[in-house]
Amino acid sequence: MNPPSPDAPLSLVEASRIVLLDPAKVRFSQHGASLRLTLEGDCCHRQVTVLRAFPWSSPERYLSLMDGADKEIGVLVDPDSLPPEDGELLRDALRRRYFVPRVTRILAARERFGTVDWEFETDRGIRRLTTRNLGESVHRPNPGRILLTDVDGNRYDIPDLEGLDGRSQQLLLQHL
């Protein structure tokens, strides 16, 4: 019997399997902006994304580690059991992933060559950013709220569109 093709769709049983990672075999390293994961005795993943499986109820436990193709490598149940240097790299990745400034005012927006250059006033200061393909970079989690993702993957939260001043609303709606 031949093994299934790597591109073949997974069965429901295969898709529902959760791989729990052994903290004793997990090592992280930082290479530029990328987090790298080495699983002792197994393999190395060059670009890893860390996601909280339960961001509200258990934000510091049950972390999903995804490879560069957005496929889950496994779940790290208790990151506190990692060696301190690995735990710190993991916490830094989480801080970057979940850093989402809140937009309080839109100062400028200029469209050029299929991108939009923005200047926002946020709760973290003035930010300048670029978006492209607004169909993919604008998310509306609920009515009146917009999450905007820039070309570098940074996210910006506009929690209440109606709460923005008139000029900010006009600039935003002009480019959406």
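The values are calculated or read from the model by the stated rules, or taken from the named source; none is laboratory data. Treat the numbers as computed from the prediction; the structure is a model and nothing was measured. Cβ placement follows ideal geometry from the backbone for every residue including glycine, while neighbour counts extend to all protein chains displayed. To get the accessible areas, we keep the full protein, side chains included, count just its heavy atoms, and leave off ligands, DNA and RNA. Shrake-Rupley method; radii C 1.70, N 1.55, O 1.52, S 1.80 Å.
Can you pull out every residue in the range 150-162 that is more than 19 Å from residue 110 (Cα to Cα) and open to solvent by 60 Å² or more (accessible area, probe 1.4 Å)?
Those that are more than 19 Å from residue 110 (Cα to Cα) and open to solvent by 60 Å² or more (accessible area, probe 1.4 Å): 160, 162.
Among the residues of the range 41-90, which ones are part of a loop (DSSP other than H, G, I, E, B), basic (Lys, Arg) and touching a helix residue (DSSP H, G or I) at 6+ places or on another chain (Cβ under 9 Å)?
The answer is 61, and nothing else.
On the basis of being within 23 Å of residue 155 (Cβ to Cβ), of a type in the set (Gly, Ala, Ser) and touching a residue at least 40 places away in the same chain (Cβ under 8 Å), does residue 93 make the cut?
Spelling it out, residue 93 is indeed within 23 Å of residue 155 (Cβ to Cβ), of a type in the set (Gly, Ala, Ser) and touching a residue at least 40 places away in the same chain (Cβ under 8 Å).
Here's a check for you: in the range 25-58, which residue that is touching a residue at least 40 places away in the same chain (Cβ under 8 Å) and open to solvent by 60 Å² or more (accessible area, probe 1.4 Å) is farthest from residue 82 (Cα to Cα)?
30
Considering only the range 60-79, how many residues are open to solvent by 20 Å² or more (accessible area, probe 1.4 Å) and either closer than 18 Å to residue 35 by Cβ or of a type in the set (Lys, Arg) (or both)?
Total meeting the criteria: 11.
Looking only at the range 124-149, which residues are of a type in the set (D, E, K, R), in a strand (DSSP E or B) and surrounded by 12 or more Cβ atoms within 10 Å (Cβ to Cβ)? Even if it seems obvious, please write down each step before you answer.
Just the residues of the range 124-149 that are of a type in the set (D, E, K, R), to begin with: 124, 127-128, 132, 136, 140, 145.
Subset that is in a strand (DSSP E or B): 127-128, 132.
Hits for the range 124-149 are 127, 132.
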